[in-house]
Amino acid sequence: MFVISKLFWMAAQPLSLAFLLTTIAFAALLFHGRRAAIGALVASLLILFLTLYTTLGSYVLQGLEARFARPTADPASLSCMIVLGGAFETEVTTARGGIEFNQAAERFIEALRLADRFPQSKIFVSGGDGSLSGSYEGDAVASERFFATFGVSADRLIGERASRTTFENVENSGTILERSGLTNCLLITSAFHMPRSMGLFRKAAIDVVPWPVDFRTSGTVSLGLDFTQPTLNAQQMATATREWIGLLAYFVLGRTSALYPAP
């Protein structure tokens with residue numbers, strides 16, 4: 001299932017889908033399928049226009065981010081936090097060592113802040129190598145260097161190194177959390193990723209408190225044209241599309257009880 005999901009996403013992400021449709025259009029022309037060629041080409045151009053030159057991606061992403069609100073204050077006390085992987089450039093860290101973050105870095109920056117604020121709290125990092133090759137270190141490994149750099153004691157860290165997907169994050173974490181006696185942990189992940197994550201934890205009957213970080217939108221985005229930043233627009237659309245595909249797939253497969261989990 002992991003490999004299938006990876007291959008599916010290679011084809012289903014907006015720019016790949018536009019390229020695939022363009023290829024189909026040229027193939028149809030070769031076989032004199034003029035009508036099919038025009039249809040595929042129009043669909044490809046529409047996807048490209050919506051992806052590159054509108055705020056649709058940011059607008060959809062904004063809705064995901066708003067599902068679970070940003071906390072207004074720190075908790076009164078904190079015994080544990082779960083940090084979902086996906087914030088390290090693991091291909092780079094595996095080759096070069098060190099600490100190399102991607103756009104989701106706030107997952108670990110926030111964990112570090114809370115670790116400093118609540119020095120007795122445990123930090124559970126769930127994240128293995130999510131690549132098809134399986135040849136890189138995961139976030140659970142890379143995060144050990146990160147926390148050590150800032151003086152967080154190794155005995156506060158609990159790592160889950162086998163998971164490759166969000167579903168596996170949750171599936172592999174239950175036993176470790178139970179064995180470690182950790183309950184009602186904060187769940188730290190990107191805001192757009194929180195609905196899917198919470199749906200999985202609820203289905204697994206693991207009580208967590210949502211703690212969304214890594215917001216990618218201002219919260220005030222409206223639908224419209226935007227010719228100023230096509231690269232960013234494409235990135236936002238890809239992120240939003242992937243998250244909604246994940247929500248739908250997990251619901252259909254029975255891994256969550258709700259298509260769009262809410263607080």
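Readers should treat all values here as calculations from the given coordinates under stated rules, not as data from a laboratory. These numbers come from a predicted model, not from an experiment. Using ideal geometry, Cβ is built from the backbone for each residue, glycine included, and neighbour counts are taken over all protein chains shown.
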With θ set to phi - 60°, apply the Karplus curve 6.51 cos²θ - 1.76 cosθ + 1.60 along the range 107-114 and write out the HN-Hα couplings as whole Hz, x wherever there is a Gly or Pro.
4, 8, 5, 5, 4, 5, 4, 5
Could you please tell me the mean projected area of the C-alpha convex hull for the chain, averaged over all directions and given in square nanometres to one decimal?
16.0
Please list the non-local residues whose amide H lies under 5 Å from the amide H of residue 190, H modeled 1.01 Å from N, same-chain partners needing a gap of 5 or more.
213
What's the extension gain from residue 34 to residue 253 if we count 0.36 nm per residue and subtract their Cα-Cα distance?
75.0 nm
Projected label distance in nm at residue 150 and residue 227, using a 7 Å step from Cα toward the beta-carbon
4.3
The range 121-253: Cα Rg divided by the 2.2 N^0.38 Å rule of thumb
1.20
So for the chain, averaging the separation of alpha carbon pairs under 8 Å that are six or more residues apart and normalising by length, what relative contact order in percent results?
27
Taking the alpha-carbon centroid of each part, what is the distance from the range 175-229 to the range 93-155 in angstrom?
17
The value for the range 75-136 (convex hull of the alpha-carbon atoms, volume per residue, Å³) is 86
